[in-house]
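The values are calculated or read from the model by the stated rules, or taken from the named source; none is laboratory data. Worth saying up front: this structure is predicted, and the values here are computed from it rather than measured. Reconstructed Cβ throughout: ideal geometry from the backbone, glycine too, with neighbour counts over all protein chains shown.
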Amino acid sequence: MKETIILASNSPRRSQLLKQIGVDFVVDAPDVDETLEESDPVKTVKALSERKALAVAKRREDRWVLGADTVVYYDGEILGKPSDPQEAYDMLCMLSGRRHEVITGVTLLRGGDGKAEKIQFAETTAVWMYQHYKDVIRQYIRSGEPMDKAGAYGIQGLGAILVEKIEGDYNNVVGLPIARLYMEMTRAGIV
């Protein structure tokens, strides 16, 4: 490992994935506004991941900072984290028995002075959910797990019971496409 990066996120899932691939990092999560008026999901996740990374890079200019943002995209609508159990229920009913996409934007920055080195990409994974009875969805929501997850489910937890199959990077659905991230960091000489 060449250097320690800064993870601009409090996500325990992202931390776990970075540990899994042996990346040295410390957490410095920014408090940023995550709302955008953008309707394109790829532009949205790239912009939000950059906003998070830049907020930290401004105070840690000598280090590479990693920002990431994940959304679920279905039928022209971006689904972030549900605001309450009813919104989680509505999201999961909408996704039940259907295909959707999970899109994660990743930004690596060094230097917050406007002359930053930047690596940025987005990864998309297709996910198909089983058709579920409404009582299964309600039971899942009662677990509390959906409340801090884009699209109201976590494939790495109890939400695995909802997923029929995926096409693409599993870790992207968890919240960070680590294989692509590692390749990009290797090309840049970060790892």
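Key figures for this structure:
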item	result
Residue tally, condition on the phi < 0 side of the Ramachandran plot, surrounded by fewer than 21 Cβ atoms within 10 Å (Cβ to Cβ) and either among the small types (Gly, Ala, Ser) or not in a helix (DSSP H, G or I) (or both), over region 80-113	11
Members of region 1-50 found to be touching a residue at least 40 places away in the same chain (Cβ under 8 Å), within 30 Å of Gly76 (Cα to Cα) and either part of a loop (DSSP other than H, G, I, E, B) or of a type outside the set (A, V, I, L, M) (or both), listed by number	Ala8, Ser9, Ser11, Arg13, Arg14, Glu34, Pro41, Thr44, Lys46, Ser49, Glu50
Lone unmet requirement of (1) part of a strand (DSSP E or B); (2) surrounded by fewer than 18 Cβ atoms within 10 Å (Cβ to Cβ); (3) modelled with pLDDT of 95 or more for Glu123	(2)
Of all residues in region 133-166 being more than 16 Å from the chain's Cα centre (by Cα) and among the acidic types (Asp, Glu), the one that is nearest to Arg14 (Cα to Cα)	Glu164
All positions within region 126-155 that are closer than 30 Å to Ile190 by Cβ, surrounded by 17 or more Cβ atoms within 10 Å (Cβ to Cβ) and hydrophobic (A, V, I, L, M, F, W, C)	Val127, Ala150, Ile155
Flag if Val56 is under 20 Å from Val174 (Cα atoms), of a type in the set (Val, Ile, Thr) and part of a helix (DSSP H, G or I)	no
Residue that is farthest from Ile103 (Cα to Cα) [pool: residues in region 142-153 that are outside any helix (DSSP H, G or I) and free of Cβ contacts under 8 Å to residues at least 24 places away in the same chain]	Ser143
Breaking point among (1) out of contact with any helix residue (DSSP H, G or I) (no Cβ under 9 Å at 6 or more places or on another chain); (2) under 20 Å from Arg180 (Cβ atoms), for Arg99	(2)
Restricting region 170-191 to residues that are buried (at least 19 other Cβ atoms within 10 Å of the Cβ) and not hydrophobic (A, V, I, L, M, F, W, C), the residue that is farthest from Ala68 (Cα to Cα)	Asn171
